[in-house]
Amino acid sequence: MASVFIDGEAGTTGLGIRERLAGMAGIALRSLAEADRKSGAARREMMDEVDLVVLCLPDGAARESVALAESLGNRAPKVLDAATLHRCAPGWVYGFAELEPGQSGRIAQATRVANPGCYPTGAIALLRPLVDAGVLPPDYPVTVNAVSGYSGGGKAMILAHQKAGGPAFDLYALGGEHKHVPELQQYAHLARRPIFAPSVGHFRQGMLVSVPLHLDLLNGAPKGADLHDILAARYAGAGQVRVMPPTENGELEPEALNGTDFMELRVFVNEAHGQAVLVARLDNLGKGASGAAVQNIRLMLGTADA
């Protein structure tokens, strides 16, 4: 029986992880009393007793927790950072199991894994196979547009949307400095910094991530079917990523996968104009957060096949 401690279990992601792990065969959850959750000594003692620690913490607190774990030396547990701090950090394995062949094996062998961001999960899933196939030039001027439910935006955003008269829709990070951009660029293997335009809709959870492309600017001037085939080949047999045909009406709504840990990828194309829009749909609290974390936890603990 492997034991797991969620440091920061009272937040949205921590609660989602706890709910998914509860009753799962082969995994025992450990918790601190509420009065001890900010005690460094209590947390270190707990870390000394478990196999894996999940961090659901702001950057400063996550840094402190990693230091506590490392102070245990060869008794240190494995660590999964389910928040933001270590996604581009040296020595941490990127926790997108479907990123490329062999990635799930790297996660299974790692002692330090960083969970992906919700938006980059969709964007990287769409872009990386095309870059690896030589179709999308690494210096292509990529634009990523995305809309998420408000549950991923923290307490202030959640309160703003849940109160009467909350905003219907918000564009944000229009200064181009969103924290997900370095991660997106690094793991999509883009040489040119992408433009990322995130937004929040007045719904609790669900996500659409879209990437528009001019087909004549891609190598080999591919058709939409070629892009679909590249994605389908990359994710064949991937349990949580599914490549789907475009919808007949050319529309997608963001909430269809809520409550699941799946992600759907689609290619919409207008061949007459040589344009395509790639779209990823996922639950920002599922494959975009807690669902991906549990996938990584099971790989790291050896309770799932790599």
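Only Cα sites of the chain enter the Debye sum here, all with the same form factor; the resulting log10 I(q)/I(0) across q = 0.09, 0.11 1/Å is -0.45, -0.67, listed in q order. In this structure the chain gives 44 Å² per residue of accessible area when probed at 1.4 Å with all protein chains present. With contacts taken as Cα pairs under 8 Å at a separation of at least 6 residues, region 94-247 carries a relative contact order of 30 percent.
Our analysis of region 108-172 gives Rg over Rh at 1.12, with the two radii drawn from alpha carbon positions and Rh computed by the Kirkwood formula. For region 208-306, applying the loop criterion from DSSP together with a ceiling of 11 other beta carbons within 10 Å to the GluC sites (Glu not before Pro) yields GLU248, GLU251, GLU271. Of the GluC sites (Glu not before Pro) found in region 1-99, those in coil by DSSP whose Cβ has at most 15 other Cβ atoms within 10 Å are GLU49.
Ignoring ligands, DNA and RNA, what percent of the accessible area of region 1-160 is carbon or sulfur (1.4 Å)? Ligands and nucleic acids excluded, carbon and sulfur reach 53 percent. Could you check which residue among GLY286, GLY40, GLY122 shows the biggest mean-square fluctuation in a GNM of the chain with a 10 Å Cα cutoff? In the Gaussian network model the winner is GLY40. Computed over all pairs of different Cα atoms, the Kirkwood value for the hydrodynamic radius of region 164-306 is 17.1 Å. Kirkwood-type hydrodynamic radius, region 67-133: 13.0 Å, calculated from all non-identical alpha-carbon pairs. On full extension, the segment bounded by ASP216 and GLU271 gains 18.8 nm, given 0.36 nm per residue less the C-alpha separation. The mean of 1/r over all distinct Cα pairs in region 1-99, once inverted, gives the Kirkwood hydrodynamic radius of 13.8 Å.
Pairs of Lys residues in the chain that lie 8 or more places apart, or on two chains, and have C-alpha atoms under 22 angstrom apart add up to 7. Only Cα pairs under 8 Å and 6+ residues apart enter the sum, and on that basis the relative contact order of the chain stands at 20 percent.
When Rg and the Kirkwood Rh are both derived from Cα coordinates, the Rg/Rh ratio for region 172-253 amounts to 0.97. Only one residue of MET46, VAL243, ASN284 has its Cα farthest out toward the positive end of the dipole of the chain, where Lys and Arg carry +1 and Asp and Glu -1 on Cβ, and that residue is MET46. Under the simplified labelling scheme, the ALA33-MET244 pair shows an inter-label distance of 4.8 nm, with each label point 7 Å from Cα along Cα→Cβ. Accessible surface ranking for MET244, MET46, 1.4 angstrom probe, highest first: MET244, MET46.
Between ASP36, ASP226, ASP48, the Gaussian network model of the chain with springs among Cα atoms under 10 angstrom shows the greatest mean-square fluctuation at ASP36.
Counting only protein heavy atoms and a probe of 1.4 Å, the accessible surface of region 259-306 is 47% carbon and sulfur.
The values are calculated or read from the model by the stated rules, or taken from the named source; none is laboratory data. The model shown is predicted, which means the values in this text are computed figures rather than measured ones. Ideal geometry is used to build each Cβ from the backbone, glycine not excepted, and the neighbour counts take in all protein chains shown. Surface areas here come from the heavy atoms of the whole protein model, side chains and all, with no ligands, DNA or RNA. Shrake-Rupley method; radii C 1.70, N 1.55, O 1.52, S 1.80 Å.
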